[in-house]
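First comes the structure, then the notes that go with it.
Nothing in this text is a laboratory measurement; each read-out follows from the coordinates by a stated rule. Remember, predicted model here, so these are calculated numbers, not experimental data. Positions of Cβ are backbone-derived with ideal geometry, glycine not excepted, and every protein chain shown enters the neighbour counts.
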Amino acid sequence: MADRATPSQPRVGVVIRTRDRPGFVTRALQTVLDQTYPDWCVALVNDGGDASVLSAAIQTAGLTDAFTPDRLLRLDLPSSVGRSEAFNRGVAALTTELVCCLDDDDTWTTDYLTSLTEFYDRTRAVARDLGGVAALVVAKREDLVIEDGIETLVPMGEEELPQAFRRRDFFLDPVAYVTYRHDLYPVQWMLDRAKVQAAGGFPAAFSVMEDRAFMTRFLQHWRLAILDRPLAHHHRRIRRKDDTAQSVAMNTLDNPSYDWRLYSDLAKVPLTSPEEASDPRLARQGAMVRAAAATIVKEINDETSGLWHKVNGEGREARHRYERLEQRLGIGEPVQAEALAEARCWSVWDETGPTDMGFPLGVGTPFLKRLTLSMDGTPPGILMHGSAWQRRLVVQIPSTGDWCALEVSLEGLAKKGEGLRCEVVLSAPHGYLLETSLSRYTRDRLGRKAQGFTENYVHALPPGRAERIVRDFPASLLDASEKPKLSIALPRMANDFRFVCHDLVVSRL
């Protein structure tokens, strides 16, 4: 195992590829600066973009002095060499033991580098052919708003990932990977840099899917272990389907203008031209067996995936209809929070107890320990009834007025460096829109305290069935907040409104 690097020779290198996307790249640079692991450096590859615009963006974001010369190696390429070659040049410019690929629109949790380097060292001790490690990933939805030439990224909550990204295998299986049964994004990786180069790096001919073509080849020689923790964030723009011209601002791996069929097939283990090795005869036989197995499994997967999606879609619609019928009849089990018991730190049912309870509510007066109703004015007739055995908490509000929100105090639930997940299960006969956000107090440079809302997201509660809402608040956000609360803003000017909650759980991330 290589010796730990000194500050002058960082152990982990981070390659960030960018081109004329200042709003994204400054966020990526900040996520590296926020790492608890100190032994890193960044190779920032400006793939033919305007160098002056990039410099101005870094300065405007206040990052110019944050990177010392030994921390940031910047490569301003005079013309674009493409996504693959840009990564390869960043890898070649580094001298680190390990390397990560952080696309300019992705981010990490603050303990990403610390957790993966420790995991790499532990696993390498028992798996000498280890080539790298990876973390699990969370898909973040966001909108890119451009007004008066200024780019603003608006968080829109989480997005469901395919099952291939949610597997819990310890080692990534080459056949499962090449047949799309197990998948990874580059933002999840930390690899041995020398082995990346020995595998040939990203293939220059690929303008998309280059990571899959590389990883397919990489896995033929080395293992990749996966840490069962969601430390990587893959960001997706909600308007990417409108991008049919590969625009710079909206360019993502999900860009529909790419020819997926071509690059998907090119990324497979080649059946007609297997790689040579020291023993040509054995190498050809082994490569042919692997390639044939991968091809056969992929054919089976392609045949069954269409049928599976059809059956799954019809089954989901049938379940929704059944749930709506059950709720109308007042039977059936409501949707519940999914947080593991060991991660839970507060539940509304812990406060209601085994028997039903009900009482009038006052605006701004806490109830059930952590809940508060916040609104303009204090109309009479605000009532609450809770039943743990029915899993049903109802707050009746005669009129919501101009502003009405149910707030859940998060104060004291997370230790420093811990994030929190809030899960709320709601239902309504006719459905409505609501907004969730993090309400918090922050202090300016003069020490003045002000309340504000961040991480705002609008949810559509469907009519006639329960819906589970999940909001994750990272440690970096909670650590910088005083008296943080989950704020659930209810519809304004609603008369005889009933807030019906079937579960409300806060757990540690």
Legend entry - region 1-116 - convex hull of the alpha-carbon atoms, volume per residue in Å³: 97 Å³
Inset, instruction - Compute the distance in nm between two label points, each set 7 Å from the Cα along the Cα-to-Cβ direction, one at residue 494 and one at residue 376. - result: 1.7 nm
Inset, instruction - Order the peptides 131-143, 29-41 from the highest to the lowest mean number of other Cβ atoms within 10 Å of their residues. - result: 131-143, 29-41
Legend entry - Packing-based ranking, highest mean first, of 351-360, 115-124, 426-435 given that Cβ atoms within 10 Å are counted: 115-124, 426-435, 351-360
Legend entry - Nonlocal amide H pairs with residue 345, under 5 Å, H built at 1.01 Å: 506, 507, 508
Inset, instruction - Taking the Cα centre of region 12-268 as origin, work out the dipole magnitude from +1 charges on Lys and Arg Cβ and -1 charges on Asp and Glu Cβ, in debye rounded to 20. - result: 840 debye
Legend entry - Cβ-Cβ FRET estimate between residue 118 and residue 71, R0 fixed at 25 Å, reported to 0.05: 0.70
Legend entry - ³J(HN,Hα), Karplus 6.51/-1.76/1.60, whole Hz, each residue of region 381-387, x for Gly, Pro: x, 7, 10, 10, 9, x, 9
Legend entry - Listed peptides 475-482, 58-65, 13-20 by packing density, highest first (mean Cβ within 10 Å): 13-20, 475-482, 58-65
Inset, instruction - Write down, largest first, the equivalent ellipsoid semi-axes of region 12-268 in whole Å, where each equals the square root of 5 times an eigenvalue of the alpha-carbon gyration tensor. - result: 26, 22, 18
Inset, instruction - List, in order, the whole-Hz ³J(HN,Hα) value for each residue of region 168-174 obtained from phi through the Karplus relation with A = 6.51, B = -1.76, C = 1.60 and θ = phi - 60°; use x for Gly and Pro. - result: 10, 4, 6, 10, 6, 7, x
Legend entry - region 341-508, relative contact order [Cα under 8 Å, separation at least 6], %: 33 percent
Inset, instruction - Work out how much length residue 154 to residue 36 would gain on full extension: take 0.36 nm times their residue separation and subtract the Cα-Cα distance, in nm to one decimal. - result: 39.9 nm
Inset, instruction - Determine, at each q value in 0.17, 0.19 (inverse angstroms), the log₁₀ of I(q)/I(0) that the Debye formula gives when each Cα of region 341-508 is one equal point scatterer. - result: -1.10, -1.36
Inset, instruction - Find out how many positive minus negative residues lie around residue 343, taking Lys and Arg as positive, Asp and Glu as negative, among other residues whose Cβ is under 9 Å from that of residue 343. - result: +2
Legend entry - Length released on extending from residue 79 to residue 355, taking residue separation times 0.36 nm less the Cα-Cα span: 92.3 nm
Legend entry - Point-to-point label distance, residue 163-residue 457, nm (Cα→Cβ direction, 7 Å offset): 2.4 nm
Inset, instruction - Quick one: net charge around residue 92, please, counting Lys, Arg +1 and Asp, Glu -1 for every other residue with C-beta under 13 Å from its C-beta. - result: +1
Legend entry - Residue-wise HN-Hα coupling along region 89-105, computed from phi with Karplus coefficients 6.51, -1.76, 1.60 (Hz; x: Gly, Pro): 5, x, 4, 5, 6, 7, 10, 7, 6, 10, 9, 10, 10, 10, 4, 5, 9
Legend entry - Residues whose placed amide H lies under 5 Å from that of residue 141, excluding near-sequence neighbours: 156, 157, 158, 159, 236
Inset, instruction - Quick one: net charge around residue 406, please, counting Lys, Arg +1 and Asp, Glu -1 for every other residue with C-beta under 13 Å from its C-beta. - result: +1
Inset, instruction - Would you calculate the separation in nanometres between label points at residue 170 and residue 343, each defined as 7 Å from the Cα along the Cα-to-beta-carbon direction? - result: 2.2 nm
Inset, instruction - Could you give the size of the charge dipole of region 341-508 about its Cα centre, using +1 on the Cβ of each K and R and -1 on the Cβ of each D and E, expressed in debye and rounded to the nearest 20? - result: 320 debye
Inset, instruction - Quick one: which residues, 5 or more positions from residue 419 or on another chain, have an amide H under 5 Å from its amide H? H modelled 1.01 Å from N in the peptide plane, none for Pro or chain starts. - result: 475, 509
